[in-house]
Amino acid sequence: MQPPQPSNGTSAAASSPAPVLVDNRIALGEDAFHSMIAVERKRTERSRRPILLTLIDTGNCLSTQKNGKLLQKILTVLSAGTRETDIRGWYKDNCVIGVMFTEIPTELKQSIVSTMLTRVSSTLRDNLSAEQFSNINISCHLFPDEWDHELSRRPSNPTLYPDLSRREQGNKLSAAAKRGMDIAGSLLALMLLSPLFLFISVAIKFTSNGPVFFRQERVGRYGRPFVFLKFRSMHADNDSTVHKEWFARYVVGQEKQRPSKRTGVYKMTDDPRITPFGRFLRRSSLDELPQFINVLKGEMSLVGPRPPIPYEVDAYQIWHRSRILEAKPGITGLWQVTARSRVTFDEMVRLDLRYARSWSLWLDVKILLQTPRAVLLGDGAY
């Protein structure tokens with residue numbers, strides 16, 4: 001597969017070096033190379049054949065003639081040592097050169113990083129002076145990347161998602177406005193609803209044994225864990241095994257029993273762990289109110305995908321992970337106000353991704369305005 005050249009007349013050409021030819025092979029500009037990383041990630045999600053991103057960092061982003069010659073020499077060396085299907089380009093303008101080794105056999109996944117690191121290092125060492133080689137840093141990044149389970153965290157490697165980083169950089173003003181709306185909205189809700197908080201707290205204590213709040217580790221954006229708050233709707237010290245097993249079947253479409261309108265996508269129907277008063281809290285979505293505290297702390301947003309439990313992330317397919325990479329989790333979201341009947345897990349993820357990729361402040365406002373109706377109808381209540 002010969003990597004495509006960026007189309008003429010795009011803004012990418014203005015902000016990145018133009019594609020250059022090295023031994024009649026293309027080295028893409030920064031924007032085009034970042035776009036190709038995103039394309040290859042999606043291809044891997046379907047094929048499950050890993051890709052390896054190797055970065056050669058020269059240590060300084062200088063436009064001096066000396067640095068330019070070094071970069072050109074590195075490009076020439078890499079061009080001679082890569083396949084036609086591998087993709088070369090600027091990961092960072094005139095500073096970091098990237099090579100994507102595509103269509104890696106799955107059986108080589110465990111050894112490919114050390115193998116390619118040794119291979120690239122040896123090739124460059126043989127073709128560069130000792131001084132030149134000492135000034136560069138080589139790193140390898142495999143996709144799908146491993147998510148750490150031992151620490152109960154699921155961090156993704158941001159190096160493999162430069163397109164998301166660029167999107168964030170380009171939306172700083174909008175992101176600040178969204179955060180401002182989150183702070184103002186959560187503060188207003190906590191003040192206005194404080195009498196209701198008191199009533200629910202007393203009712204929980206009188207109707208069942210255990211704490212008022214239910215605290216649970218959830219996975220936030222980029223895999224960052226945080227303590228998720230809800231009013232307790234279950235019996236204390238309940239066993240999560242039943243839900244864990246149900247979700248593992250549901251996420252792959254093996255669970256025949258779909259969540260009802262009232263219980264939403266994450267909950268089983270007739271969950272035996274729920275208390276009588278807890279059932280009322282869930283049907284009315286009042287158990288979600290403490291999450292305004294999570295919003296105020298910056299762990300969640302008013303609008304966004306629902307934050308998963310770590311064991312739910314364990315069951316995700318590769319492409320499902322995007323729902324916790326592309327947007328901060330929220331109290332309400334697009335699927336809650338649009339999916340008013342049964343939805344599969346894949347359909348829910350697609351709605352989350354549609355929200356993240358078409359996000360605007362006006363979209364958040366529309367979802368917030370539609371949420372009360374969805375709550376009153378019982379749609380999307382967890």
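Residues being under 18 Å from G29 (Cα atoms) and either among the aliphatic types (A, V, I, L, M) or in contact (Cβ under 8 Å) with a residue 12 or more places away in the chain (or both) are represented in the range 100-107 by at least one member. Whether any residue in the range 224-231 is basic (K, R), assigned to a loop (DSSP other than H, G, I, E, B) and in contact (Cβ under 8 Å) with a residue 40 or more places away in the chain is what I want to check. Checked the range 224-231: at least one residue is basic (K, R), assigned to a loop (DSSP other than H, G, I, E, B) and in contact (Cβ under 8 Å) with a residue 40 or more places away in the chain. Among the residues making up the range 194-214, those that are among the hydroxyl-bearing types (S, T, Y) and surrounded by 11 or more Cβ atoms within 10 Å (Cβ to Cβ) are S201, T207, S208. In the range 288-382, counting only helices (runs of 4 or more DSSP H) that sit wholly within it, the ones holding 2 or more residues that are modelled with pLDDT of 90 or more and within 16 Å of the chain's Cα centre (by Cα) span 345-357.
Candidates are the residues of the range 297-334 that are under 12 Å from V349 (Cα atoms) and among the hydroxyl-bearing types (S, T, Y); the one that is surrounded by the fewest Cβ atoms within 10 Å (Cβ to Cβ) is Y316.
Counting only residues that are of a type in the set (A, V, I, L, M, F, W, C) and closer than 14 Å to S134 by Cβ, which one in the range 59-77 is modelled with the lowest pLDDT?
L70
The values are calculated or read from the model by the stated rules, or taken from the named source; none is laboratory data. From a predicted model like this one, the values you see are computed outputs, not experimental measurements. Here the Cβ is made from the backbone with ideal geometry for all residues, glycine too, and neighbour counts use every protein chain on show.
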